[in-house]
Amino acid sequence: AKSAGGDCIVVASDDFRNGLEQRRLLQRDLATAVSRGEFETVFQPIVEVGTLRAHGFETLLRWDHPDLGRLSPDFFIPLAEETGAIVEIGRFVLDRALSVAAKWPEPLTVSVNVSAVQLGDKAFVAHVHESLLRHDVAPHRLILEITETVLIRNGNAKAVLDELRALGVGIALDDFGTGYASMGYLRQYRFDKIKIDKSFVSTMVDEGKSAAIVRAICGLARDISATVVAEGIETEELLSLVGEAGCQLGQGYLFARPMSALQTTLFIERNGWG
Ligand code: C2E
Ligand code: CA
Ligand code: CA
Ligand code: CA
């Protein structure tokens, strides 16, 4: 059974999701999906909460499967991590992201999600460096988003992140508030951005406690010179709540859904860069 979830098809049947045979077939398809041109990158704006000006975009991956239609990354990224296909896929995403960002006004940033397997790839840092040079994008305009899981699964994460920082690339801690040890990581690593997960942000409306926690996170972020991005802003009410809590940046359907590379130009013109 399929149902519409956002702009993707969500494969709802547990039989399908868990079926070993199905997983194997999809993993086979993943191995050739890049060369067959089945992946598409879409871009979701990150805006300044105070001015609603565009700050940058997060790059999000879509897989147009020949039989199943457009699949969600939450579904296929774990499959690609298992086979290692994520390394090639990740290179494709970075390449697309930088080629699109090269056309935006200088200050706009482009964020790219990085999985644990990619960070563990020996050639990762060199590849990031080479890609920045090839597209002539200033390193500080690239933000690599990593989750706590990426840090847990990589004994070597600190060294790799230090190398990336030495290149001038920004690092964001993604999905903050969904893990177990987020606070601890803020002390161990330096992050330029902290992205508060949408599951957390969305509870701010009903629960005073989460508003207080978001306020505390924003205070902490200021102390370590990081910028806070509130994810999943779907309503005006949430926008004003995260603004009051001290979040500088926001992302969510209220501003825009993920869009094509072409559409980013229009969004940028309409949001402070016209
Ligand atoms: P994420 O990094 O937390 O990305 C944010 C997700 O929230 C995106 O889902 C986005 O479409 C969705 N979203 C944005 N605003 C709203 C909102 O207002 N309401 C709601 N309900 N959702 C919103 P998407 O594109 O399906 O991506 C899911 C996850 O897949 C991402 O979560 C990220 O972890 C992973 N992912 C996506 N692209 C890539 C990629 O290129 N590489 C890797 N390794 N992972 C990726
Ligand atoms: Ca992300
Ligand atoms: Ca996130
Ligand atoms: Ca997520």
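Observations
- Projected label distance in nm at residue 273 and residue 212, using a 7 Å step from Cα toward the beta-carbon: 4.0 nm
- Within-13-Å neighbourhood charge of residue 47 [Cβ basis; K, R +1; D, E -1]: -1
- Alpha-carbon centroids, region 216-274 and region 151-188: separation in whole Å: 21 Å
- Of the trypsin sites (Lys or Arg not before Pro) found in region 106-178, the ones in coil according to DSSP and having at most 13 other Cβ atoms within 10 Å of their Cβ are 122.
- Extension gain (nm, one decimal) between residue 159 and residue 134, 0.36 nm per residue minus Cα-Cα: 6.6 nm
- Across the accessible surface of region 185-234, with the other protein chains kept in place and a 1.4 Å probe, carbon and sulfur atoms take up 47 percent.
- Span per principal axis, largest first, for the Cα atoms of the chain (Å): 49, 42, 42
- The Kirkwood hydrodynamic radius of region 183-254, based on inverse pair distances between different Cα atoms, is 12.0 Å.
- On the principal axes of its alpha-carbon atoms, region 49-196 has extents of 43, 37, 34 Å, going from largest to smallest.
- In Hz, Karplus ³J(HN,Hα) per residue of region 69-80 (6.51, -1.76, 1.60; θ = phi - 60°; x = Gly, Pro): x, 6, 9, 7, x, 4, 8, 9, 4, x, 5, 6
- With a cut-off of 9 Å between beta carbons, the residues surrounding residue 143 carry a summed charge of -1, where Lys and Arg count +1 and Asp and Glu -1.
- Label-point gap, in nm, between residue 65 and residue 236 - each point 7 angstrom along Cα→Cβ: 4.0 nm
- Volume in Å³ per residue [convex hull over Cα atoms, computed for region 19-64]: 88 Å³
- Taking the charge dipole of the chain about its Cα centre, with +1 at Lys and Arg Cβ atoms and -1 at Asp and Glu Cβ atoms, the residue from 253, 30, 111 reaching farthest to the positive side is 111.
- Of the chymotrypsin sites (Phe, Trp or Tyr not before Pro) found in region 164-199, those in coil by DSSP whose Cβ has at most 13 other Cβ atoms within 10 Å are 180.
- Accessible surface, per residue, of the chain when the full set of protein chains is kept, probe 1.4 Å, Å²: 47 Å²
- Taking θ as phi - 60° and the Karplus parameters 6.51, -1.76 and 1.60, the scalar couplings of region 211-228 work out to 4, 5, 5, 4, 4, 5, 4, 5, x, 4, 4, 4, 4, 9, 6, 9, 9, 9 Hz in sequence order, x denoting glycine and proline.
The values are calculated or read from the model by the stated rules, or taken from the named source; none is laboratory data. Just so you know, these numbers come straight off a predicted model, no measurement behind them. With ideal geometry, Cβ positions are generated from the backbone for all residues, glycine too; neighbour counts draw on all protein chains shown. When the accessible area is computed, the model is the full protein with side chains, heavy atoms only, and any ligands, DNA or RNA have been set aside. Shrake-Rupley method; radii C 1.70, N 1.55, O 1.52, S 1.80 Å.
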